[in-house]
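Below is one structure, written out as structure tokens; the observations come after it.
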Amino acid sequence: MWTLTLLSLLVAASPQPIGESRAVRAALKNAERTIDERVQVMTARAPFVLLGTTRGAYLPGYGAVFSLEVNLVPVAGISPFRPAYSPQEIQNLNRQKREKLGALRAGLRPLLLEQAAGLAQIPPNEKVALIVSLFNFHWEDTTGLPSQIVLQATRQALINLQARRAAPAELEQGIELREF
């Protein structure tokens, strides 16, 4: 009797049936893989490095959030073998990163758009968000560079944009982009 009561409490406290949460997790895992693959394709045009793999989470009432970290221009860290960078090298690194930032920005909205269809378990009124953290060493000049790019839109808005085969200008209006 006690076991049955405890089990009833656990089931009642669960926000989603187990089958649904497994389906959401499977959809998130698939989206994680797809995002990683698409970022690798982006890097072929403007080489930068995906650090680790994309991580996705579902936040009930908000939606799906995907987080990844990229290094726009990989360089060696300070070490006994590379004790310092000259001011000119640091300035050139900043310039190179600002140049590659455009290619990254251009690829992010279509990337977010692609994910909407595969996330059928996410309610249409909830959001799909992509958070891209940009890696920098503490000694770098980060003038003109954000540390994070956040894109978000409701899943329904993304589906609508995808159905219309929206032009880049429409994507810019339909998908919110913020930089921090």
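Give me the net charge for the shell around Lys127: Cβ to Cβ below 14 angstrom, other residues only, Lys and Arg +1, Asp and Glu -1.
0
Please list 3J(HN,Hα) in residue order for region 102-112, calculated via the Karplus relation 6.51 cos²θ - 1.76 cosθ + 1.60 where θ = phi - 60°; whole Hz, with x for glycine and proline.
So the Karplus estimates, Gly and Pro as x, are x, 5, 5, 4, 4, x, 6, 4, x, 5, 5 Hz.
Given the options Arg95, Arg38, Arg22, state which has the largest fluctuation in a GNM of the chain using a 10 Å cut-off (strictly under) for Cα springs.
The residue with the greatest mean-square fluctuation here is Arg22.
So with the 1.4 Å probe, I'd like the accessible area per residue for the chain, rounded to whole Å².
57 Å²
Would you kindly derive the ³J(HN,Hα) couplings of region 77-86 from the backbone phi angles with the Karplus curve 6.51 cos²θ - 1.76 cosθ + 1.60 (θ = phi - 60°), listing them in order in whole Hz, with x for Gly and Pro?
Values, residue by residue: x, 5, 7, x, 8, 9, x, 6, 10, 6 Hz.
Taking Cα pairs under 8 Å and at least six residues apart, what relative contact order does region 69-170 come out at, in percent?
About 33 percent, as a whole number.
Taking the structure as given and computing volume of the Cα convex hull per residue in Å³, which label from (i) 116; (ii) 124; (iii) 151 fits?
From the options (i) 116; (ii) 124; (iii) 151, the structure gives (iii).
Is there a quick way to get the dipole size of the chain? I mean about its Cα centre, with the Cβ of Lys and Arg at +1 and of Asp and Glu at -1; what is the value in debye to the nearest 20?
With only Lys, Arg, Asp and Glu charged at Cβ, the dipole is about 260 debye.
Compute log10 of I(q)/I(0) for region 129-180 with the Debye formula, placing one identical point scatterer on every Cα and leaving out solvent, at q = 0.21, 0.24, 0.30 Å⁻¹, to two decimals.
-0.77, -0.88, -1.12
Among DSSP beta bridges lying fully in the chain, give the percent that are antiparallel, nearest 5.
Around 70 percent antiparallel, to the nearest 5.
Grab the other residues whose beta carbon is less than 11 angstrom from that of Ala106, score K and R as +1, D and E as -1, and report the net.
Neighbourhood net charge equals +3.
Which three semi-axes in whole Å describe the equivalent ellipsoid of region 46-143, each the square root of 5 times a Cα gyration tensor eigenvalue, listed largest first?
That gives 34, 14, 10 Å for the three semi-axes.
At 20 °C and 1.002 mPa s, what whole-number value in µm²/s does Stokes-Einstein give for the translational diffusion of region 16-67, with Rh from the Kirkwood sum over Cα pairs?
176 µm²/s
The values are calculated or read from the model by the stated rules, or taken from the named source; none is laboratory data. Bear in mind that the values here come from a model prediction, so they are computed numbers and not experimental data. Every residue, glycine as well, gets a Cβ built from its backbone with ideal geometry; the counts of neighbours run over all protein chains shown. We work out accessible area using only protein heavy atoms, side chains counted, and drop any ligands, DNA or RNA first. Shrake-Rupley method; radii C 1.70, N 1.55, O 1.52, S 1.80 Å.
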